[in-house]
1. Among the residues of the stretch 15-47, count how many are within 16 Å of ligand 2 (Cβ to nearest atom), polar (S, T, N, Q) and buried (at least 18 other Cβ atoms within 10 Å of the Cβ).
2. Of the numbered conditions (1) within 30 Å of residue 120 (Cβ to Cβ); (2) surrounded by 14 or more Cβ atoms within 10 Å (Cβ to Cβ); (3) of a type in the set (D, E, K, R), residue 84 fails exactly one; give the number of that condition.
3. Looking at the stretch 68-100 only, could you name the residues that are closer than 17 Å to residue 154 by Cβ and in a loop (DSSP other than H, G, I, E, B)?
4. May I ask you to list the residues in the stretch 159-175 that are buried (at least 20 other Cβ atoms within 10 Å of the Cβ) and touching a residue at least 40 places away in the same chain (Cβ under 8 Å)?
5. Only one of 18, 25 is closer than 23 Å to residue 182 by Cβ and outside any helix (DSSP H, G or I). Can you tell me which?
6. Examine the stretch 111-134 for a residue that is away from ligand 2 (no atom under 16 Å from the Cβ) and either at negative phi or not in a helix (DSSP H, G or I) (or both), and state whether such a residue exists.
7. Considering only residues that are part of a helix (DSSP H, G or I), of a type outside the set (Asp, Glu) and over 22 Å from residue 88 (Cα atoms), which ones fall in the stretch 154-185?
8. Give just the number: which of (1) in contact (Cβ under 8 Å) with a residue 40 or more places away in the chain; (2) more than 9 Å from ligand 2 (Cβ to nearest atom); (3) under 20 Å from residue 52 (Cβ atoms) does residue 108 not satisfy?
Amino acid sequence: MSDLEIQLCENENGDLCQDVLIIPQESSVNDILAAFERFCAEKTASCYGCVGCCQERVPVTSLDAERLLQLLPTEERTLAKLCEKLLDIETFPDGAVDIRLKRDPEGCCILMDKENSCCSKHIYRTFACASHYCLPRSEKLDDIRSAIVNQGMDELVRQLYAEGILPQINIEDYPPNIFTGKSTYNDILLCELIDI
Ligand code: SF4
Ligand code: SF4
């Protein structure tokens, strides 16, 4: 575990925001998730009973997909089944692909427990869910999150292509990246994703 900490700071407008001041060289994505969990426990109100942000787009990375597979019956743990049951995939004319958690007709995340207004699969939630709280973020923190989500989703696109699920994409647009061959967020160092 690294000494990475998320702190409450003021942005250039004088508003409170979440920021990360020091990023030790050995910090992994797991370290930033752990720091975020500590930050929420110490500085923010509990989300319980609020699902305000569970009605927004939730991007999915290759490692999120691996975790979400555990929600399917053993015999259905394939990317094809995951796409069918839990993911929405959108392709764009310029070759871009967006992969996100499915939402129900009211726009709520498919994993939301609507009766109790909470996440029904908290420990399986995505990186985007686990690293979000409804407070502004500094530009640096936003850049880190975006780099993780974008590269993680690109790797998932590569995997879906390999399974024949996205035959229309140009695979040269999705070369192997830092997520390729990785099985946990602990294996991905922030210094390999962005300049820190
Ligand atoms: S982070 Fe989302 S669920 Fe939590 S309090 Fe804010 S809006 Fe509600
Ligand atoms: S996975 Fe859970 S925390 Fe994330 S949007 Fe869905 S219900 Fe909310």
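1. Residues that pass the stated criteria total 0.
2. Of (1) within 30 Å of residue 120 (Cβ to Cβ); (2) surrounded by 14 or more Cβ atoms within 10 Å (Cβ to Cβ); (3) of a type in the set (D, E, K, R), only one is false for residue 84: (2).
3. 92, 94, 95, 96
4. Matches in the stretch 159-175: 160, 166.
5. Numbers: 18 fails: closer than 23 Å to residue 182 by Cβ.
Unique residue meeting the criteria: 25.
6. Initially, the stretch 111-134 is screened for residues away from ligand 2 (no atom under 16 Å from the Cβ), giving none.
Within the stretch 111-134, not a single residue is away from ligand 2 (no atom under 16 Å from the Cβ) and either at negative phi or not in a helix (DSSP H, G or I) (or both).
7. 185
8. Here residue 108 clears every test but (2).
Laboratory data are not the source of any read-out in this text; all were calculated from the coordinates shown. Model, not experiment: these values are computed from the prediction. So basically every Cβ, Gly included, is an ideal-geometry build from the backbone, and we count neighbours across all protein chains shown.
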